[in-house]
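Presented below is the structure to which this report refers.
All of the numbers you see were taken from the coordinates with simple rules; none came from a lab. Since this is a predicted model, take the numbers as computed values, not measurements. Every residue, glycine among them, receives a Cβ derived from its backbone with ideal geometry; neighbour counts consider all protein chains shown.
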Amino acid sequence: MKSTIKTMFLTAALAVFALPVVAQTGQTIQDRKENQQDRIANGVQNGELTAGETTTLEKKEATLNQEERDMRKLDNGKLTGADRKTLNQQQNQLSRQIYRDKHNAPAQNTDPKSEVGKRAENQQDRIANGVKSGQLTAAEAGHMEQNEARINREVRTDRAANGGKLTTQEKAQVNRQQNRESHQIYRDKHNARHQ
């Protein structure tokens, strides 16, 4: 009888000590996702990441999030040790990619002089704030960054064709595109989907 009681107490004590480790392991994945989203948002905000780089990173983040959801579906909402190991390795790869992209030569202009450039910078800040606050999912941010990169390419092409300037018609076209993008940013930030 004494050994049964000792065994019960020992089992209960071990369970109490193991609980925080199990909970922490589950949160570690979420904490890392939030940390990486913050790093991406900071890179967008301070110009270290271009719209194209951000698109790629957000797509990878969205794919990783979907993979985690799929793993959880297969195991009744839980992650196995092998699942955690796989996700950790993928998060490590994404973390290295974020570092490389933030420390390579391409950068966003964080002090634009033109109206088009100022609007683009403002929208980048809105996207970055949405990512940082969790109002934008990785997929939403990736889609927006893809649109921003497309608009940026168009502006570069138009300027190259016109000696560094945009014509009045080109400015109007870019303004319409930026208006659409601005409305999309607002809708996605207020659609109740969160990171």
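Observations on the structure shown:
- Region 137-175 versus region 45-90: alpha-carbon centroid distance in Å: 29
- Charge tally around ASP75: other residues with Cβ under 15 Å, Lys/Arg +1 each, Asp/Glu -1 each, net +2.
- The 3J(HN,Hα) values that the Karplus relation (6.51, -1.76, 1.60; θ = phi - 60°) gives for region 151-166 are, in residue order, 4, 4, 4, 4, 5, 4, 4, 5, 5, 4, 6, 10, x, x, 10, 9 Hz. Gly and Pro appear as x.
- Across LYS85/LYS189; LYS59/LYS171; LYS59/LYS189; LYS60/LYS118; LYS33/LYS118; LYS33/LYS132, pairs whose alpha-carbon gap is larger than 20 Å: LYS85/LYS189; LYS59/LYS171; LYS60/LYS118; LYS33/LYS118
- Gyration tensor verdict on region 88-195 (Cα atoms; rounded if a/c is under 1.5, prolate if a/b is larger than b/c, oblate otherwise): oblate
- Region 39-159 shape via C-alpha gyration tensor axes, a/c threshold 1.5: prolate
- Per-residue Cβ neighbour rank within 10 angstrom, fewest leading, MET144, MET71: MET71, MET144
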